[in-house]
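Here's the structure we're looking at; comments come further down.
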């Protein structure tokens, strides 16, 4: 069982790990070892996550969210499989913790009348400067 917060724990059946070969360059040993980890978390079926957390998680996960409601996280930073497993679990925990946080409510504000006037004044002044540029005619 993985503890995320005081109220959220992930059961072992919710996570499946598969090991794949890492991409990128390597030596003679690289094609024989499956050190990269592909962690699959069944987020949609998880009884420990609230509906709000699931919605936020889907939004935060983006392309990692599959059609059947699972999150797929890959980790291939390290050369050792246990370190990549720990990294993948860390990424999952960070994602779920971020989903539990409620975003700050943004209060829409209007610009003041004086700031609007200042903006328009500077635009007209700039327009006059640009109007003075151009061809000079001989009179």
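Just so it is clear, none of the values below were taken in a lab; they were calculated from the coordinates. This is a predicted model, so every value here is computed, not measured. In this analysis, Cβ positions are derived from the backbone assuming ideal geometry, glycine residues included, and neighbour counts consider all displayed protein chains.
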Residue-averaged [θ]222 nm for the chain, counting only DSSP H segments that reach four residues, each worth -39500 (n - 2.57): -12500 deg cm²/dmol
- request: Under 1.5 on a/c is rounded, so check that first for region 51-139, then, if it is not, pick prolate when a/b is larger than b/c and oblate when it is not; a ≥ b ≥ c are the square roots of the alpha carbon gyration tensor eigenvalues.
  value: prolate
- prompt: Which residue, 124, 16, 74, has the most motion in a Gaussian network model of the chain that connects Cα atoms within less than 10 Å?
  reply: 124
message: Based on alpha-carbon centroids, what's the gap between region 41-88 and region 101-119 in Å, whole number please?
response: 36 Å
query: Along each of its three principal axes, how wide is the spread of alpha-carbon positions in region 1-103, in whole angstrom units, largest first?
result: 48, 25, 24
task: With a Förster radius of 30 Å, plug the Cβ-Cβ distance of residue 98 and residue 121 into 1/(1 + (r/R0)^6) and report the FRET value to the nearest 0.05.
output: 0.10
message: With angles folded into 0 to 90 degrees, how steeply does helix 113-132 sit against the dominant principal axis of the chain? Use alpha carbons for both and round to 10.
response: 60 degrees
query: With axes computed from alpha carbons, what is the tilt in degrees of helix 81-100 against the longest principal axis of the chain, rounded to the nearest 10 within 0 to 90?
result: 50 degrees
- line: Checking 45, 119, 21 against a Gaussian network model of the chain (alpha-carbon springs below 10 Å), the top fluctuating residue turns out to be 119
field: Tilt relative to the chain, helix 51-61 - C-alpha long axis, 0 to 90 degrees, to 10
entry: 70 degrees
statement: Percent relative contact order for the chain, counting Cα pairs under 8 Å at least six residues apart, stands at 20 percent
task: Can you tell me the order of 84-91, 62-69, 107-114 when each peptide is scored by its average per-residue count of other Cβ atoms within 10 angstrom, highest first?
output: 84-91, 62-69, 107-114
